[in-house]
Amino acid sequence: MNCVIIGEEKSPDLARLKNALLDKGFENAPFIKINKIGLFTADNFTKIVIGKINFRKYDSVYLEAGPQFTQFVEPFLDELTEKGIYCQLKPESYYISSNKPFLFSVLASKEIPISKTTIIPSIELIGQASNGFKFPLVFKTFVGQKKMQQIVVESERNLKSVSTSFKSKIDAVMIQEYFQDDLNYCIVVGKEIVGLKRKWNLDKFEHAEKLISTSLGSEDKETALRACRAIGFDIAVVNLISGRVIGVNPVIDFERFNKPLGKSIEAMIASHYYEKGNE
């Protein structure tokens, strides 16, 4: 089996993944920069182009790229699916995940528990949109697909002050309830789910920096798995507070998570890819 690792830069985490794939028995696991890949389309035929490399020799792809590559990644994922090449990301997953307001809308449409959320197109509607929310709440602004600001607002007066401070153009505003509870990181790799926790510090009104291993309940595991599948991820970190999804990230920080977890996430991924290659 051969797996190609595609990313913006060859990071230490991707180097660890390559070693894990080779240790698992993959014959080859080269790294290719995403800007070296092209799609050639003529008539009804599309070809993946990487210099003189024959892409058909790869059984699977591990893809890691920022949201700025969405316009390329989506047709690329379609082509992988068409050719029967496995990837941990499914078509349309980048369209969903790169637009955070849309992501929460998709999760809600699938009846996956999320924090109470309101999405509006402009600051002018914030007073009306915040009705029904209890303080504190989270106030987020977006320009295009990029999150520009995230603030915890403690009162209506504070919200008015924050909303009148914006002078630049805003494409979307998202208001969400703010949970004062432990933050669980649910690491999903295929059907395997493991957890880490940051405890809520009531005195400091913030989550502790220290990550500790935790045993996730069946409901949290089910919520994390459903969130991943709804977006189109086989591998991701799902952040939960009080059983509700507050974030989903397809990039897992091996260096940050491995030690407190007491487990190699890259080895988990290699095992998942090996199983996929033998289905």
Those residues that are of a type in the set (Asp, Glu), more than 22 Å from PRO250 (Cβ to Cβ) and in contact (Cβ under 8 Å) with a residue 60 or more places away in the chain, I need them from the stretch 159-214; list them, please. GLU177, ASP181
Go through (1) surrounded by 15 or more Cβ atoms within 10 Å (Cβ to Cβ); (2) over 26 Å from VAL238 (Cβ atoms); (3) not hydrophobic (A, V, I, L, M, F, W, C) and name the single condition GLU154 misses. (1)
Hey, any hits in the stretch 135-142 for a residue that's open to solvent by 40 Å² or more (accessible area, probe 1.4 Å) and touching a Ser or Thr at 6+ places or on another chain (Cβ under 6 Å)? yes
Scanning the stretch 173-190 for residues that are touching a His at 6+ places or on another chain (Cβ under 9 Å) and among the hydrophobic types (A, V, I, L, M, F, W, C), the one farthest from ALA230 (Cα to Cα) turns out to be LEU183
Residue that is at pLDDT 95 or above and crowded, with 17+ Cβ neighbours inside 10 Å, where the choices are ILE246, ILE235, ILE212: ILE235
List the strands (runs of 3 or more DSSP E) that sit entirely inside the stretch 150-242 and contain at least 2 residues that are aliphatic (A, V, I, L, M). 172-177, 183-189, 192-198, 235-241
So which strands (runs of 3 or more DSSP E) are wholly in the stretch 14-91 and hold at least 2 residues that are of a type in the set (S, T, N, Q) and open to solvent by less than 70 Å² (accessible area, probe 1.4 Å)? none
So which residues in the stretch 101-132 are open to solvent by less than 80 Å² (accessible area, probe 1.4 Å) and assigned to a helix (DSSP H, G or I), if there are any at all? PRO101, LEU103, PHE104, SER105, VAL106, LEU107, ALA108, ILE123, LEU125, ILE126, GLY127, ALA129
Every residue from the stretch 113-163 that is at pLDDT 75 or above and hydroxyl-bearing (Ser, Thr, Tyr): SER115, THR117, THR118, SER122, SER130, THR141, SER155, SER161
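The values are calculated or read from the model by the stated rules, or taken from the named source; none is laboratory data. In this text the structure is predicted, and so the values were computed from the model without any measurement. FYI the Cβ positions are ideal-geometry reconstructions off the backbone, even for glycines, and counts take in every protein chain you see. Just the protein is used for accessible areas: all its heavy atoms, side chains included, with ligands, DNA and RNA removed. Shrake-Rupley method; radii C 1.70, N 1.55, O 1.52, S 1.80 Å.
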